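One structure below.
The values are calculated or read from the model by the stated rules, or taken from the named source; none is laboratory data. Everything numeric in this text was worked out from a predicted model, so none of it was measured. Cβ placement follows ideal geometry from the backbone for every residue including glycine, while neighbour counts extend to all protein chains displayed. Just so you know, the surface numbers come from the protein's heavy atoms only, side chains and all, with ligands and any DNA or RNA stripped out. Shrake-Rupley method; radii C 1.70, N 1.55, O 1.52, S 1.80 Å.
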Amino acid sequence: MKTKIQEKFKTLFGEEGTLYMSSGRINLIGEHTDYNGGYVFPGAINFGVMAAINPNGTDKVKVFSIDFDEFVEFGLQEEDKPQQQWARYIFGVCRETIKRGGKVAGFNAVFAGDVPLGAGLSSSAALESVFAFAINEINGNGIEKFELARIGQSTEHNYCGVKCGIMDQFASIFGKEGSLIRLNCKTGEYKYFPFHPKGYRVVLLDTCVKHELASSAYNKRRESCERAAAAIRANHPEVEFLSDAKRLWLDEVRDQIPQEDFLRAEFVIGEVQRVLDVCDALERDDYETVGEMMYQTHFGLSRLYEVSCEELDFLNKLARKCDVTGSRVMGGGFGGCTINLVKEELYDAFIATAVKEFAAKFGHEPKIYDVVISDGARKL
Ligand code: GLA
């Protein structure tokens, strides 16, 4: 990837570029909790986006995407928003940096990535983070890391139409080799947990299903949660986010909110607690409990939050059948991957069965990703 990027950079701009890298992420547990002020437990992975970037002495950004085989040039004013979706991520990062008082001088860039698109591994966060990080360095803006993550998140909100939480960009920026990070999305406090589950492997199974309406369905889930939180807040003013609510308080408003909102909120309140339970279990090396919580999360995401799909539910059931310790849909949902915690000695049989049975049912094989927990945004 490095050589390809540098070669292209030389051809287009006549010099070598400075290389930066950022990563996609997994999330062990804590789904749809981030925008509810709850906990998440992600880590950066060994799939990412790499970019070569140099200032070009103009007020224009000139950028080539190797994966889309496309060159785009844009200015840095609000009205210069490019047409191409991939370029909007970069444009958004520039604009959000400027909005925070940062300087963004024109630059040349070439980038490529190996995070599978639409698989729930946050390829877009990897793209935002590598540019947020590099632009900050090149211009000497000194914006702190958490704010760099927020630049990526605001890019999604204001330039890409997804009202996402902070998890993906946080993991992409803060990722550390061999560690998962428990983040309290309300306070911003975080803690690294070394994650080396002895005798187990973490593997992702990609259904290769991508749902067109995923971002509007995602935004709707968020609205449901906000409505539920508002109803609870009327009785308990201390509830700023849904994650502040006790289960009992949700029951109090059951008749005042749509059934759908109730189910969404029921999931979120349970999920916040599961993250804490998983962290406790990890400190005891109790992977059986970790796995059981993952199955519970899948059930909730499928039945209460309704962000699963037939293919994901199929893989989850199959994991149970193959005695996989933990398995669940990962990320926003509506397609993408399951994350599986599986004993080493069961790994081969599980993968073989999953590939065979999934292909027989859906006509194509799932993709298998063996992920390694890796570093986040950095200069190479
Ligand atoms: C997507 C969003 C995140 C988070 C997850 C669900 O990945 O970008 O902010 O809400 O879905 O946990």
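Taking each residue as 0.36 nm, the span from residue 58 to residue 286 lengthens on full extension beyond its C-alpha to C-alpha distance by 76.5 nm. Short to long, the 20 Å bins of the Cα pair-distance histogram for the chain hold 29, 56, 15, 0 percent of all pairs. The helix-only estimate of mean residue ellipticity at 222 nm for the chain, built from DSSP H runs of length n ≥ 4 each weighted as -39500 (n - 2.57), is -13500 deg cm²/dmol after division by the residue total. Put simply, the C-alpha atoms of segment 232-340 give a gyration tensor, and the ellipsoid matching it has half-axes of 28, 18, 10 Å, longest first.
Shape class for segment 286-380, computed from the alpha carbon gyration tensor (a ≥ b ≥ c): rounded, with a/c under 1.5. Shown here for segment 248-313: GluC sites (Glu not before Pro) in loop regions (DSSP other than H, G, I, E, B) with at most 12 other Cβ atoms within 10 Å, of which there are none. Summing +1 for each Lys or Arg and -1 for each Asp or Glu among the other residues whose beta-carbon sits under 13 angstrom from that of residue 301 gives 0. Applying the Karplus relation 6.51 cos²θ - 1.76 cosθ + 1.60 with θ = phi - 60° to segment 81-90 yields 3J(HN,Hα) values of 3, x, 6, 5, 4, 4, 6, 5, 4, 6 Hz, where x marks Gly and Pro.
Judged by the mean number of other Cβ atoms found within 10 Å, the most tightly packed of the peptides 139-145, 373-379 leads the ranking 373-379, 139-145. Per-atom-type breakdown for the chain gives carbon and sulfur 47% of the accessible area (1.4 Å probe, protein chains only). In this label model, residue 100 and residue 380 are separated by 2.4 nm, measuring between points 7 Å along each Cα→Cβ vector.
Can you classify segment 135-183 as rounded, prolate or oblate using the Cα gyration tensor, where a ≥ b ≥ c are the square roots of its eigenvalues, rounded means a/c under 1.5, and otherwise it's prolate if a/b beats b/c and oblate if not?
Details: a/c = 2.54, a/b = 1.07, b/c = 2.37.
Because a/c hits 1.5 or more and a/b fails to exceed b/c, segment 135-183 counts as oblate.
Near the amide H of residue 47, within less than 5 Å, lie the amide hydrogens of 24, all on another chain or at least 5 residues away, with H placed in the peptide plane. Residue ranges 183-196, 147-160 sort as 147-160, 183-196 when ordered by packing (mean number of other C-beta atoms within 10 Å per residue, highest first).
Given a Förster distance of 45 Å, report the FRET efficiency between residue 343 and residue 236 from their Cβ-Cβ distance, rounded to the nearest 0.05.
Efficiency, rounded to the nearest 0.05: 0.55.
Stokes-Einstein at 4 °C, 1.567 mPa s, Kirkwood radius from Cα pairs: D for segment 2-195 in µm² s⁻¹? So the translational diffusion coefficient is about 78 µm²/s.
Rounded to the nearest 5, what is the percent of antiparallel bridges among the DSSP beta bridges in the chain? Taking every DSSP beta bridge within the chain, about 90 percent pair in antiparallel fashion.
DSSP bridge analysis restricted to segment 2-195 gives an antiparallel fraction near 85%, rounded to the nearest 5. Using a cutoff of 8 angstrom between alpha carbon atoms and counting only pairs six or more residues apart, the relative contact order for the chain works out to 23 percent. Ranked by the mean number of other Cβ atoms within 10 Å of their residues, highest first, the peptides 227-234, 30-37 fall in the order 30-37, 227-234.
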